[in-house]
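Asker: One structure, pasted below without further comment.
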Amino acid sequence: MTLSRLRRHPARAHAREHGQTLVEFALVFPLFLLLVLSVVEFAFAFNGNLAIAFASRDAALVAAEAGSVGTATQANKHLLDCSIVKAVIDDMGAPADATKVSTIEIYKADSNGAYYGGNSALHNIWTYGTPTLCDFPVGIPDFTIPYSITTTGYAENQRCNVLKGCAGLNTTVDTIGVRVNYTYVWKTPLHYFGGLFGAGSGWDFSRSNAMRMEPVL
């Protein structure tokens with residue numbers, strides 16, 4: 001079409017340009033929306049990952065300061081573990097979801113934070129779902145945690161926090177590790193394309209920290 005003919009039909013030329021703009025917008029908008037949703041989803045997932053990293057560190061500090069108990073009866077109440085689990089729950093603030101912490105593992109660790117002597121059986125695993133009443137002695141407030149202990153391989157009276165070592169335990173001061181396992185669930189409609197990202201319903205995150213128990217003489 002020549003310039004003179006375009007001048008004769010300005011409305012037709014304008015309509016053609018407007019139609020081209022709509023086509024370009026229709027092509028670009030889904031990509032823009034996908035980018036925005038991806039940023040939002042990544043932010044939620046990253047927050048969840050950071051939350052359990054902080055929670056495991058804080059809980060390991062509680063474990064290091066909690067010490068040990070003297071008798072098997074006291075150990076069977078799991079009051080030290082209750083305090084450790086509660087520390088994890090308390091640190092899982094929004095937008096992270098404490099109910100998505102599937103398991104909390106408390107284990108005997110070496111100086112590198114790995115299982116002590118490579119023995120993964122020296123651990124207690126708390127699983128989300130069934131509440132446990134943490135019944136403390138008189139003077140200490142009781143509380144309930146939405147977890148129950150399912151694996152008992154690291155009894156609370158088998159933890160050593162004595163500087164010169166503990167008789168019968170063949171160890172010096174223990175290093176205690178806390179591992180938090182978190183199931184992240186999609187927050188945006190991107191979950192419909194979860195298979196493309198290698199995660200149909202979400203991701204499983206796991207973070208751990210270990211600290212040496214505060215020693216006593």
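Asker: Taking neighbour Cβ counts within 10 Å as the exposure measure, how do S68, S102 sort from fewest upward?
Answerer: Going from least to most buried by this count: S102, S68.
Asker: Let me ask something else about it. Charges only on Cβ, +1 for Lys and Arg, -1 for Asp and Glu: so what's the dipole of the range 11-212 about the Cα centre, in debye to the nearest 20?
Answerer: 260 debye
Asker: Same structure, new question: Give a residue-ordered list of calculated ³J(HN,Hα) values for the range 119-127 (Karplus: 6.51 cos²θ - 1.76 cosθ + 1.60, θ = phi - 60°; whole Hz; x for Gly, Pro).
Answerer: Here the 3J(HN,Hα) series is 8, 6, 7, 7, 8, 10, 10, 9, 10 Hz.
Asker: Which of K108, K164, K100 moves the most in a Gaussian network model of the chain with Cα springs under 10 Å?
Answerer: Result for the chain, Cα springs under 10 Å: K164 fluctuates most.
Asker: Same structure again: Output the antiparallel fraction of DSSP beta bridges having both residues in the chain, as a percent to the nearest 5.
Answerer: Percent antiparallel among DSSP bridges in the chain is about 95.
Asker: If you average the sequence gap of Cα pairs under 8 Å that are 6 or more apart and divide by the length of the range 11-212, what percent do you get for the contact order?
Answerer: Relative CO of the range 11-212 lands at 26 percent.
Asker: Considering lysine pairs in the chain that are 8 or more places apart or on different chains, how many have Cα atoms under 20 Å apart?
Answerer: Summing the qualifying lysine pairs gives 6.
Asker: Within a Cβ distance under 14 Å of D91, other residues only, what is the Lys/Arg minus Asp/Glu net charge?
Answerer: Here the count lands on +1.
Asker: While we're on this one: Toward the positive end of the charge dipole of the chain, about the Cα centre and with charges on Cβ (Lys, Arg +1; Asp, Glu -1), which of N161, L122, V178 goes farthest?
Answerer: In the chain, that residue is V178.
Asker: Taking the simple approach of a point 7 Å from Cα along Cα-to-Cβ for both N157 and T73, what is their distance in nm?
Answerer: 0.9 nm
Asker: Something else: For the pair E214 and L50, what calculated FRET efficiency results from E = 1/(1 + (r/R0)^6), where r is the Cβ-Cβ distance and R0 = 35 Å, to the nearest 0.05?
Answerer: Once rounded, the FRET efficiency stands at 0.85.
Asker: Based on DSSP H runs of at least 4 residues, each adding -39500 (n - 2.57), what is the mean residue ellipticity at 222 nm of the chain after dividing by all its residues, to the nearest 500 deg cm²/dmol?
Answerer: Counting only the DSSP helices, I get -12500 deg cm²/dmol.
Asker: Any idea how far apart A121 and T172 come out in nm if each label point goes 7 Å out from Cα toward Cβ?
Answerer: 2.6 nm
Asker: Could I ask something else about it? Here are labelled values, (1) 13.1; (2) 17.1; (3) 18.9, and one is the computed mean projected area of the Cα convex hull in nm² for what I pasted. Which one?
Answerer: Only one listed value fits the structure, namely (3).
Throughout, read-outs are computed from the coordinates displayed, never taken from laboratory work. For clarity, every value in this text was computed on a predicted model and none was experimentally measured. FYI the Cβ positions are ideal-geometry reconstructions off the backbone, even for glycines, and counts take in every protein chain you see.
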